[in-house]
Amino acid sequence: MGTLFLVATPIGNLEDISMRALRILREAQLIAAEDTRQTQKLLNHFEIKTRSISYHEHNKIGRIADVLDALSHGDVALVSDAGTPGLNDPGYELVVAAVKAGYPVSPVPGPAAPIAALTGSGLATDAFLYLGYLPRRSGDRRKLLAGVAHLPYTLVFLETPHRLLDALEDLCAVLGDREAAAARELTKVHEEFVRGRLTEITNHFTRNDPRGEFTLVVSGAALAPLEWNENELLDWLRNKMAEQPTGGDLVDEAAAQSGWRKNKVYKLLVQLKQGKI
């Protein structure tokens, strides 16, 4: 029984391919490739002679039986044009079919544009949401963005150069002028990160024609502070009043710290000064 290997390939720089990936590509009895012509360039570069067949968006369902048949005779390597197969590239349906048929499925990790852009963005990486390509139509884009606008996770999208400015406009309109990064031509000679507010990135690519495939990384929504209970706020006010007998600008500071509305903080402060509580 063969194993279906999901082999990540370079997104630009050929030096990024792993030794394990090269071994799997050499030893597999078949390579299922998103574009056999593109993959052949990679195979020729590393002098790999393994036979390949096409497995792409338009034939992926019909090809499943062929790949499963090949798995009954040995290992099959699935590759996309670049990056990690199954991640915004054909592969999901094949993985499901292989698992259901009882074949082992093993990822061979490597390059992935969304992860490369995220880690180089300068934005939070501890929790993120990857949403692939943004919808083509502005209305659909804004609807999708409205559904994630409240989430605190860093957002990661893919976008084409000819839709980039429209996408940036919608991102800013729905999410606000957040910190973001636009990464293009990752690992290639002309790799570029443009970091800053969404409006700053928009201005940059208004002046400079967008070229290459883009990955957009946008900061998540700011978390609302947890509201203190009344006793916590009273203790804070008493401590502050002991430090600053004149009171100073306690209302604004207390509201920012506690999550309480300013008018409620003010009423509580007055009662505290009058000795009513």
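Every read-out reported here was derived from the displayed coordinates using simple, explicitly stated rules and does not represent laboratory data. This structure is a prediction, so every number in the text was calculated from the model and none was measured. Because the Cβ atoms are built from the backbone with ideal geometry, glycine has one as well, and the counts that use them run over all protein chains shown.
When the chain is treated as a Gaussian network with alpha carbon springs shorter than 10 Å, the biggest mean-square fluctuation among Gly62, Gly259, Gly102 belongs to Gly259. Taking Rg/Rh (Cα atoms, Kirkwood Rh) as calculated from this structure, the corresponding entry among [x] 1.34; [y] 1.19; [z] 0.94 is [y].
Counting other Cβ atoms within 10 Å as a rough exposure proxy, the listed residues Asp16, Asp209, Asp126 run Asp126, Asp209, Asp16 from fewest neighbours to most.
In deg cm²/dmol, rounded to 500, what helix-only [θ] at 222 nm does the chain give when every DSSP H run of at least 4 residues adds -39500 (n - 2.57) and the total is split over its residues?
-12500 deg cm²/dmol
Placing dummy labels 7 Å off each Cα toward the beta-carbon, the span from Leu272 to Arg137 is 5.4 nm. DSSP finds beta bridges in the chain, and of those with both partners inside it, around 50 percent are antiparallel. Pairs of lysines in region 133-277 whose Cα atoms sit within less than 28 Å of one another amount to 10, provided the residues are eight or more positions apart or on different chains.
Between the C-alpha center of region 110-155 and that of region 53-84 there is a gap of 28 Å.
Among Ile11, Ile31, Ile53, determine the one that fluctuates most according to a GNM of the chain built with springs between C-alpha atoms less than 10 Å apart. Of the options given, Ile53 has the highest mean-square fluctuation. Computed over the chain with a Gaussian network model linking Cα atoms closer than 10 Å, the most mobile of Leu71, Leu30, Leu250 is Leu250.
The residues packed around Thr206, meaning those with a beta-carbon under 11 Å from its beta-carbon, carry a net charge of -2 if Lys and Arg are +1 and Asp and Glu are -1. Taking Cα centre as origin and charging only the Cβ of basic (Lys, Arg, +1) and acidic (Asp, Glu, -1) residues, the dipole magnitude of region 114-218 rounds to 240 debye.
For region 230-273, the alpha carbon convex hull comes to 61 Å³ per residue, rounded to a whole number. Legend: calculated FRET efficiency, Val99 to Lys41, from the Cβ-Cβ distance at R0 = 35 Å, rounded to 0.05, equals 0.70. Computed from point charges on the beta carbon alone (+1 for Lys and Arg, -1 for Asp and Glu), the dipole magnitude for region 1-151 about its Cα centre is near 340 Debye. Fewest-first ordering of Phe157, Phe193, Phe205 by other beta carbons within 10 Å of each residue's beta carbon gives Phe193, Phe205, Phe157. Percent antiparallel among DSSP beta bridges with both residues in region 1-117, to the nearest 5? Of the beta bridges lying entirely in region 1-117, close to 5 percent run antiparallel.
With Rh defined as the Kirkwood radius, the inverse of the mean 1/r over Cα pairs, the Rg/Rh of region 170-242 is 1.34. This model, with +1 at the C-beta of Lys and Arg and -1 at the C-beta of Asp and Glu, gives the chain a dipole about its Cα centre of some 480 debye.
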